[in-house]
Every structure is written in structure tokens, then in C-alpha cells.
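Asks: Quick one: structure below, then a few questions.
The values are calculated or read from the model by the stated rules, or taken from the named source; none is laboratory data. Note that the structure is predicted; figures quoted are calculated from it, not measured. Methodologically, a virtual Cβ is constructed for each residue, glycine included, from the backbone with ideal geometry; neighbour enumeration extends over all protein chains shown. Just so you know, the surface numbers come from the protein's heavy atoms only, side chains and all, with ligands and any DNA or RNA stripped out. Shrake-Rupley method; radii C 1.70, N 1.55, O 1.52, S 1.80 Å.
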Protein chains: 2
Amino acid sequence: MANTRWLDDGEMAAWTSFLEATHRVFREVEAQLRDEAGLSHPQYEVLIKLHQAGPDGLRMTELATSLITSKSGLTYQVGQLEKRGLVTRGACPTDTRGVTARITPAGSDALRAAAPGHVERVRAVLIDLLDREQLDAVTDAMTSVNSRLRQES
Amino acid sequence: MANTRWLDDGEMAAWTSFLEATHRVFREVEAQLRDEAGLSHPQYEVLIKLHQAGPDGLRMTELATSLITSKSGLTYQVGQLEKRGLVTRGACPTDTRGVTARITPAGSDALRAAAPGHVERVRAVLIDLLDREQLDAVTDAMTSVNSRLRQES
DNA sequence: ACGGCGTTGTTCAAATTCGAACTGACCTGT
DNA sequence: ACAGGTCAGTTCGAATTTGAACAACGCCGT
């Protein structure tokens, strides 16, 4: 009912360039991880988060929230990683319902093995294509977006 | 073999904020399209491209290239849209192998119906969260990335 | 005209994704 | 103690995605 505020040229340029860039960047990064490390990007992200979390691990919901993914998707991916011995699931000490995921030594090894190629590709498709000023501007804008969107959910 | 050039704090901040923002933004946009327009984001993108292409339509490969998606994925999505009468497939006049996809009047209607809600959400999760300066900076950075990555493929 | 080679689009199986429904367990107020 | 509501995680079916394999066609030089 309310008149739509259409995007002007500058806004449209921002949206379309953002769309194209994200598609290209993710396509490249995912291809690298699959081909060279045998991990999907979601799996890599899970391992990174659990690595950062340390020996106490993380609750499934905490993981899902910080990865901005669905609960069911996380269950599946953690299941895959558990099959391969890169992650373990354990009961949560403070909540019977809870499940705590932890990275295993094998998981840490997999991460160490995957990281150099991953970082290299991330540089090749994003970081090294921008100068420091552009990089800071991206961080500034994306941080603004994230802080607003975090509140809404 | 070569020493990995790890990301410094600023570079890491750029990458992680970019990652988080893209996940959040796409999650929101896809949810809006599915819930309010019954379209997936890939489908919406197909319709937009075909709408922009006009009555001559586009070859499948051109579509796949401009949408940065796989050929097989595009075949599937165009098939879905064709089932629903939003798109037609026709022989390409200059190449027997070719298939030209065109948007139908019903497809244009679907697009018109979906657009306002989509634009509104795009504003809510990205455009309106940034001031003009940030917007221009994003466009600048993403355009740099795209022009580089376009050449590589 | 005719191979050889790249291109076009589809098909296939396998893996992944999602939301909705579900089971159990927590928690608040009474 | 207990009922109602919320939350944690999994399961389910349906839809989607991917690369590899494939068939058919165009293009080029000889």
C-alpha cells in the first residue's frame, strides 16, 4: 500500500555489486576448500568456531547462532564432521537438553592443513584486491550492518 | 611450501565482518522472497535478468554466466519457472544447440508483485543501514573485486 | 567434405539445504 | 507440586545444488 521507495542508481549499484561480489567470492572459496581440503565452507566455519572456543566447546545453539545457519543444517554438518572424527558431541554439564560440540585433535589437524590454502584464496578473491582504505571501509560498512541485524533477531 | 601470509587484524576483521554480513543479508532476503512471493532468490534473479533482457530473452549460458551459477543449477531453476508459466524456453535462432529463455507476461506480473517487498527488505537489511558515503565505499570495493574476478574466469 | 575440438544444454546421482514438526527438558507462577 | 509456555536439538520430507558425464551441434583447418 505504501509507495515503494525504489532504489536510486547509487543504491542499486551498491546492491548489484554486492550481490555479484558475494556470489563470486563464495564460489571461489567453496571450490578451493572442496578441492584442496575436502571440506565444505560450512564445515570449515564450524571447525573454526570450535577451534576458537577452546576445550570447553560450544553448545549447538550457540554455534548455530554465531554461524547464522539453521539448527537443522548445523545438526547435519556436525554429524558429518563427527563421522569423520573431526568433532565430538557430548552432554552439556548444566543442561540435560544441551549438546556440546568440541573439536578433536584430528579436527585441529584438518584445520591446520586447510588454513593456508584457504587464506591464500581469501586473499586472492577479496583481501588482496582492495587497498587498506577500501578494506577499512568494507569493515566499517559490514560492521554497521551486522550490529543492526544482530539486534533484530 | 611458501610461507602463508596470514591475515592481520584489519584484514581478518574485513573478512569476518563480510562473512557475517553476507550470511545475515541473504538469510533475510531469501526468507522474505519465499514467504511473501513464493520465489527463491535464484528464481528472482533469473526473472530480473530476463526482464532486463527484454523480448529477445537470453541464452542459457549467458544467464548462467551473469548469475554466477552452475549450468545445471540454471537448467533446474528455469525448469521450475517454466512449469509455473513464468518463463518460456525457445530455440535460439542462430544456434541449433542454443536455448533462449524469455520471461512471460505472467513472469512480469510475478516480478511486479514481488518487487516492492523485496526492495523493502533489501533496504532494511543493507541499504538503509548505511549512509551515502558507506554505500559508495561498498560499491567501490565490490566493483573492484568484480572487475578482477571477471577476468580470471 | 571431413575430422578434431570446443561449446551448449541436459541429465544423473549424491550431497546439502531448509522449515516444520516433534521429543524432552527447563522455568515461571500459583 | 504442577500446568503452561519456552527452549534445545533432532528428525523428516521436499526442494535445491553441485560436478561429472553425456549427446548433439558449431567451428576451423585441411
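Asks: Out of A:THR100, A:THR61, A:THR143, which single residue is at negative phi, open to solvent by 40 Å² or more (accessible area, probe 1.4 Å) and within 11 Å of DNA strand D (Cβ to nearest atom)?
Replies: Numbers: A:THR100 fails: open to solvent by 40 Å² or more (accessible area, probe 1.4 Å); A:THR143 fails: within 11 Å of DNA strand D (Cβ to nearest atom).
Just one listed residue meets the conditions, A:THR61.
Asks: Which numbered condition trips up A:ASN3, out of (1) within 10 Å of chain B (Cβ to nearest Cβ); (2) polar (S, T, N, Q); (3) surrounded by 13 or more Cβ atoms within 10 Å (Cβ to Cβ)?
Replies: (3)
Asks: Something else about it: Which one is farthest from B:GLN32 (Cα to Cα), of the residues in region B:109-124 that are of a type in the set (Gly, Ala, Ser) and open to solvent by 30 Å² or more (accessible area, probe 1.4 Å)? Give the steps one after another, and end with the answer.
Replies: So the first thing to find is which residues in region B:109-124 are of a type in the set (Gly, Ala, Ser), and the list is B:110, B:113-115, B:117, B:124.
Within this subset, residues satisfying the condition of being open to solvent by 30 Å² or more (accessible area, probe 1.4 Å) are B:113, B:124.
Numbers: B:ALA113: 13, B:ALA124: 11 Å.
Here the answer is B:ALA113.
Asks: Residues being more than 15 Å from DNA strand D (Cβ to nearest atom) and out of contact with any Phe, Trp or Tyr (no Cβ under 9 Å at 6 or more places or on another chain): count how many of those fall in region B:22-31. Walk me through it before giving the result.
Replies: Taking region B:22-31 and keeping what is more than 15 Å from DNA strand D (Cβ to nearest atom), we get B:23-25, B:28.
Imposing the further condition that a residue be out of contact with any Phe, Trp or Tyr (no Cβ under 9 Å at 6 or more places or on another chain) reduces the set to B:23-24, B:28.
Total satisfying the criteria: 3.
Asks: Then there's this: Please state which of the following conditions B:ASP35 fails to meet, knowing it meets all the rest: (1) in contact with a helix residue (DSSP H, G or I) (Cβ under 7 Å, 6 or more places away or on another chain); (2) closer than 30 Å to A:GLN151 by Cα; (3) away from chain A (no Cβ under 14 Å); (4) near DNA strand C (Cβ under 10 Å from one of its atoms).
Replies: All conditions are met except number (1).
Asks: Six or more apart or on different chains, Cβ under 9 Å: which pairs go from a residue in region B:97-123 that's part of a helix (DSSP H, G or I) to one that's hydroxyl-bearing (Ser, Thr, Tyr) and open to solvent by 50 Å² or more (accessible area, probe 1.4 Å)? Could you list them?
Replies: B:GLY107/B:THR88
Asks: A further question follows. Taking region B:48-58 as the region of interest, how many residues are open to solvent by 60 Å² or more (accessible area, probe 1.4 Å) and touching a residue at least 12 places away in the same chain (Cβ under 8 Å)? Before you say what the answer is, go through the steps one by one.
Replies: Residues of region B:48-58 that are open to solvent by 60 Å² or more (accessible area, probe 1.4 Å), as a first pass: B:49, B:51-52, B:55-56.
Next, only the ones that are touching a residue at least 12 places away in the same chain (Cβ under 8 Å) stay: B:49, B:51, B:55-56.
Residues in region B:48-58 being open to solvent by 60 Å² or more (accessible area, probe 1.4 Å) and touching a residue at least 12 places away in the same chain (Cβ under 8 Å): 4 in total.
Asks: Kindly evaluate B:GLU45 against the criterion of being away from DNA strand C (no atom under 13 Å from the Cβ), crowded, with 18+ Cβ neighbours inside 10 Å and farther than 18 Å from A:THR16 by Cα.
Replies: Details: away from DNA strand C (no atom under 13 Å from the Cβ): yes; crowded, with 18+ Cβ neighbours inside 10 Å: yes; farther than 18 Å from A:THR16 by Cα: no.
In short, no.
Asks: Being within 14 Å of chain B (Cβ to nearest Cβ) and closer than 26 Å to A:THR61 by Cβ is the filter here; which residues of region A:78-114 pass it? Spell out the reasoning first.
Replies: Step one: of region A:78-114, the residues within 14 Å of chain B (Cβ to nearest Cβ) are A:111-114.
Scanning region A:78-114 gives A:LEU111, A:ALA114.
Asks: Show the residue pairs that are 6+ apart or on different chains and have beta-carbon atoms under 8 Å apart, the first residue being within region B:70-89 and assigned to a helix (DSSP H, G or I), the second being more than 12 Å from DNA strand D (Cβ to nearest atom) and open to solvent by less than 30 Å² (accessible area, probe 1.4 Å).
Replies: That search, which allows pairs on different chains as well, returns B:LEU74/B:LEU63; B:VAL78/B:LEU63; B:VAL78/B:VAL87; B:VAL78/B:ALA101; B:LEU81/B:LEU47; B:LEU81/B:VAL87; B:LEU81/B:GLY107.
Asks: Still on this structure, please answer the following. Name the pairs: first residue in region B:127-140 and at the interface with chain A (Cβ under 7 Å from one of its Cβ atoms), second residue assigned to a helix (DSSP H, G or I) and open to solvent by 80 Å² or more (accessible area, probe 1.4 Å), Cβ to Cβ under 7 Å, at least 6 apart or on different chains?
Replies: Correct list of pairs: B:LEU129/A:ARG148.
Asks: Sort through A:ALA106, A:ALA91 and tell me the only one that's within 16 Å of DNA strand C (Cβ to nearest atom), over 29 Å from A:HIS23 (Cα atoms) and surrounded by fewer than 16 Cβ atoms within 10 Å (Cβ to Cβ). Spell out the reasoning first.
Replies: Details: A:ALA106 fails: within 16 Å of DNA strand C (Cβ to nearest atom).
After ruling out the rest, the residue left standing is A:ALA91.
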